[in-house]
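These notes are about the structure you will find just below.
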Amino acid sequence: MLDDFMVRATLAGVGTALAAAPLGCFVVWRRMAYFGDATAHAAILGVALSLALSLPVFAGAMVVALVMATVVALLSGRGYAMDTLLGVMAHSALAFGLVAVSFLTNVRIDIMAYLFGDILAVSRGDLAVIWGGAALVLALVGWRWSALLVSTLNPDLARAAGIDPRREQLVLTLSLAIVVAVAIKVVGVLLITALLIIPAATARPFSRTPEIMAGLASVVGVAAAWGGLRLSYSFDTPTGPTIVCVVAVMFCLSSIVAALREGVSRRRTSGSA
Amino acid sequence: MKGLSVSFGANRVLDSVDFRIDRGEIVTVVGPNGSGKSTLLHALIGGVRPSTGSVRRAPGLRVGYVPQKLSLDATLPMTVRRFLGLPRRVSRETAQVALDHAGVPGVGRLQMSALSGGQFQRVLLARAILESPDLLILDEATAGLDQPGAAAFYRRIEEVRKETGCAVLMVSHDLHVVMSASDRVICLNGHICCEGTPEVVAEAPVYRALFGEGTKGALALYRHHHDHHHGPAHGHSHDGPTEQTRKAAADA
């Protein structure tokens, strides 16, 4: 079954979406979207380094993403505003990465594959790494779920309950680096943030609790990965961007339905009053 | 808490503060903006590291904390019921009892964002008393409430104390309301200026120097039976605060 490249691609997309969706909820709740971007952009530097040193691309991307996320987390609140800091770090890392890749004359690589993903070229080995990483992220986030939620609500509330908010931040940072590393093959570094935040944002209007939102976001993410793959196969479009287009359309539909529903309930309340 | 000092950079926010609170006591910390009230609470829950001194807790002490403000991001869906179960899940009955105690029995199914200011603070209180804490800490918990709302909130706190026997430590700006509900008031301005029963502190010159005469009249409104003067110590100088306070306390 795994001999079919479409099956492998589908499994890769579904695995990435499953890991990205619950983590993406935290990225949305904690307003870390730009943080995710910076981490993802830094990964291209990791790709260049691992190609230069003949190391696995996953490992290099993950290590550099992790370093980036940690540096940003440590530097935040020390002088520069967070968005300035992230802007500097994200684009510097991307630029240095692209320049570094150009020095690699002995390896002929298609940089586009890392910028926008190359899901149809996923091998069995890649699949193992993607599902291993996804399982690790889901386990981490699931294990720390309540502590993460309390830290997200209010750091003092967490401390009073004996939770160290900095440690929970570290859990998120680590998970983010893993997701970035596994998602490179699927959507590429430029579109990873989309896979994190758009499913979560799509799920928001239909969620009463954080758990429902994470669950719905997973459903949205998986549907988008599957639908995007099918569409890109039918219309011969680039797969990573097609997946993001599908999830973006789902977000628009969700927003429209939410707006209509709100209008109806408002009319109902004013009618009954 | 012994000889506690906290510095942020070169700025010493708290200077050798000695402080203790016993079971069943309601203690209020008052002080002007920037006097280190919130820092004191943060040091107690372990949010800031003291530069000198130490915080000693009874072993196994359970702390319930009501923050000054909880800004829920609009993207985070949260029912009251789910909020009460953070970080540890609680049974439906336990949650309902806590909501009843806090005076908001009917809000369990609502979204946190749909609550009024008063309801929101009471839900925070419900969550704080959920695991029957030994010490309840409130950081300006009535900041967004009007005076009747704040007064009702403090009456609720007194009842909670009566029912559970927990100690209560509050920081507040609502001087008179808060003080009338306290057993002991600590007036803080980087160091402890004066402390004692509400009446003693309200009469203390240091306190008056910080807050003016006006607050005493308001305090009297809430405690008619204690409304009398405590001797002639009405000087407004800030020199040797401790001695003057002691004197005021002795006069009382």
Checklist entry - Inside the range A:111-157, can you point out the residues that are assigned to a helix (DSSP H, G or I) and among the β-branched types (Val, Ile, Thr)? => result A:Ile111, A:Ile119, A:Val129, A:Ile130, A:Val137, A:Val141, A:Val150, A:Thr152
Checklist outcome for this item: Among A:Leu191, A:Leu85, the single one that is buried (at least 16 other Cβ atoms within 10 Å of the Cβ), away from chain B (no Cβ under 14 Å) and in contact (Cβ under 8 Å) with a residue 60 or more places away in the chain is A:Leu191
Item to check | Candidate set from the range B:111-137 (those that are under 17 Å from A:Thr209 (Cβ atoms) and at the interface with another protein chain (Cβ under 10 Å from one of its Cβ atoms)); member that is surrounded by the most Cβ atoms within 10 Å (Cβ to Cβ) | outcome: B:Arg127
Item to check | So B:His42, is it surrounded by 15 or more Cβ atoms within 10 Å (Cβ to Cβ), more than 12 Å from chain A (Cβ to nearest Cβ), outside any loop (DSSP other than H, G, I, E, B) and at pLDDT below 85 | outcome: no
Checklist outcome for this item: Given (1) surrounded by 15 or more Cβ atoms within 10 Å (Cβ to Cβ); (2) modelled with pLDDT of 85 or more, A:Arg124 misses just (1)
Next on the checklist: Tell me the residue from B:Arg81, B:Arg88, B:Arg20, B:Arg56 that is part of a loop (DSSP other than H, G, I, E, B), within 14 Å of another protein chain (Cβ to nearest Cβ) and without any contact (Cβ under 8 Å) to a residue 60 or more places away in the chain, please.
Outcome noted: B:Arg88
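Conditions (1) within 14 Å of chain B (Cβ to nearest Cβ); (2) part of a helix (DSSP H, G or I), marked per residue:
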| site | (1), (2) |
| --- | --- |
| A:Ala9 | no, yes |
| A:Ala12 | no, yes |
| A:Ala19 | no, yes |
| A:Arg31 | yes, no |
| A:Phe35 | no, yes |
| A:Ala40 | no, yes |
| A:Val47 | no, yes |
| A:Ser54 | no, no |
| A:Leu66 | no, yes |
Next on the checklist: Here are the criteria: (1) under 17 Å from B:Ala128 (Cβ atoms); (2) crowded, with 20+ Cβ neighbours inside 10 Å; (3) not aliphatic (A, V, I, L, M). Tell me which single one B:Pro77 does not satisfy.
Outcome noted: (1)
Next on the checklist: I'd like to check something: does the range A:198-214 contain any residue that is more than 10 Å from the chain's Cα centre (by Cα), charged (D, E, K, R) and farther than 30 Å from A:Arg261 by Cβ?
Outcome noted: no
Item to check | Number of the exception - A:Thr202 against (1) assigned to a helix (DSSP H, G or I); (2) touching a Phe, Trp or Tyr at 6+ places or on another chain (Cβ under 7 Å); (3) at pLDDT below 95 | outcome: (3)
Checklist outcome for this item: Subset of the range B:59-78, residues among the aliphatic types (A, V, I, L, M) and either within 9 Å of another protein chain (Cβ to nearest Cβ) or under 14 Å from the mean Cα position of the chain (by Cα) (or both), comes to B:Val63, B:Val66, B:Leu70, B:Leu72, B:Ala74, B:Leu76, B:Met78
Checklist entry - When you go through (1) surrounded by fewer than 18 Cβ atoms within 10 Å (Cβ to Cβ); (2) more than 9 Å from chain B (Cβ to nearest Cβ); (3) not in a helix (DSSP H, G or I) one by one for A:Gly162, which number turns out not to apply? => result (2)
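The values are calculated or read from the model by the stated rules, or taken from the named source; none is laboratory data. Fair warning: this is a prediction, and the values are worked out from it, not measured in the lab. Glycine gets a Cβ as well: all are built from the backbone with ideal geometry, and neighbour counts include every protein chain shown.
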